[in-house]
Amino acid sequence: MDLDRIYANGDVIPGGADYPARWAAEAGAFRAAMGPRARLDLPYGEGARQRFDLFLPEGTPKGLMVFVHGGWWLAFDKSTWSHLAAGAVARGWAVAMPSYTLAPEARISAITREIAAAVVAAAAEVAGPIMVTGHSAGGHLSARMACADVPLTAGVAARITRVVPISPLAELELLMPLASNQKLQIDTEEARRESPTQHLPRAGIALHVTVGADERAAFIFHARHLAEEWACPWSLVPATHHFNVLDGLTRAEDPLTRLVLGE
């Protein structure tokens, strides 16, 4: 069996190669339309990619949503996904979108620590509850923010009231045989330490795992497995695959936006 193929999306999604350019164009248009309510490249560390964008609503924010991008921990940055803040911003929430150091320059454990630092930095900019979400590898990283071992300050950890991983990669041991692991460098110890399925979530966080109904079976397995280990709800987003499952976040009244925000 070609294990890499069971996670490959671009080859099986019609027009898959066109999505990154489309995302980048929509993201750029959204940033331009936001004007001064888009605060870009705020630092959360000294590294070149340790920056986050913060999108602010009209008036005082209800709280903060953090979105962590995917790309198999190997690709993309925050600038590709800005438009996914539109739904939450329209509902009165601030949205932070961090970049992070990519593999192989950083291992997944180091990326987890970077996202924790980004959440702490963003939390200093916006008062109120914090909702964390992310997609694919970002779904993994958002799930890790619910785990008790992650180095968040006590005050910020207490403010995280909801975590909604979208199409998360949750059991990293399953990725060890893949060709991409030559860059990810997941070993048995890191798989144990960095798999959300191997940790109990902190008390007091509302958890919900979601995944596209038309996604590859491997991603549906990871989502369901995480939900079972965490004893939390999980759901399928109807008629969506791995590349368009996020589209609902662009719309204020979409069920996905409301799910992430708990509204």
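The values are calculated or read from the model by the stated rules, or taken from the named source; none is laboratory data. Worth saying up front: this structure is predicted, and the values here are computed from it rather than measured. Cβ atoms come from the backbone with ideal geometry, glycine included; neighbour counts cover every protein chain shown. The accessibility values were calculated without ligands, DNA or RNA, using every heavy atom of the protein model including side chains. Shrake-Rupley method; radii C 1.70, N 1.55, O 1.52, S 1.80 Å.
Things to note:
- Test result for THR197, more than 21 Å from ARG159 (Cβ to Cβ) and touching a residue at least 40 places away in the same chain (Cβ under 8 Å): no
- If the condition is being closer than 13 Å to THR133 by Cα and among the β-branched types (Val, Ile, Thr), then the range 150-182 contributes ILE160, THR161, VAL163, VAL164, ILE166.
- Total residues in the range 1-27, condition within 26 Å of ALA170 (Cα to Cα), in a helix (DSSP H, G or I) and either open to solvent by less than 30 Å² (accessible area, probe 1.4 Å) or at pLDDT below 95 (or both): 9
Rundown of residues vs (1) in contact with a strand residue (DSSP E or B) (Cβ under 6 Å, 6 or more places away or on another chain); (2) open to solvent by 40 Å² or more (accessible area, probe 1.4 Å); (3) modelled with pLDDT of 95 or more; (4) closer than 22 Å to ALA75 by Cβ, yes/no style:
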site	(1), (2), (3), (4)
LEU174	no, yes, yes, yes
SER195	no, no, yes, yes
GLN198	no, yes, yes, no
ARG202	no, yes, yes, no
VAL209	yes, no, yes, no
ALA227	yes, no, yes, no
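- Residue within the range 243-260 that is open to solvent by less than 40 Å² (accessible area, probe 1.4 Å), part of a loop (DSSP other than H, G, I, E, B), more than 30 Å from ALA86 (Cα to Cα) and touching a helix residue (DSSP H, G or I) at 6+ places or on another chain (Cβ under 9 Å) present: no
- HIS222 assigned to a loop (DSSP other than H, G, I, E, B) and surrounded by 22 or more Cβ atoms within 10 Å (Cβ to Cβ): no
- Here GLU171 qualifies as of a type outside the set (A, V, I, L, M, F, W, C) and within 20 Å of the chain's Cα centre (by Cα).
- For the residues GLU105, GLU114, the requirement of being charged (D, E, K, R) and surrounded by fewer than 17 Cβ atoms within 10 Å (Cβ to Cβ) singles out GLU105.
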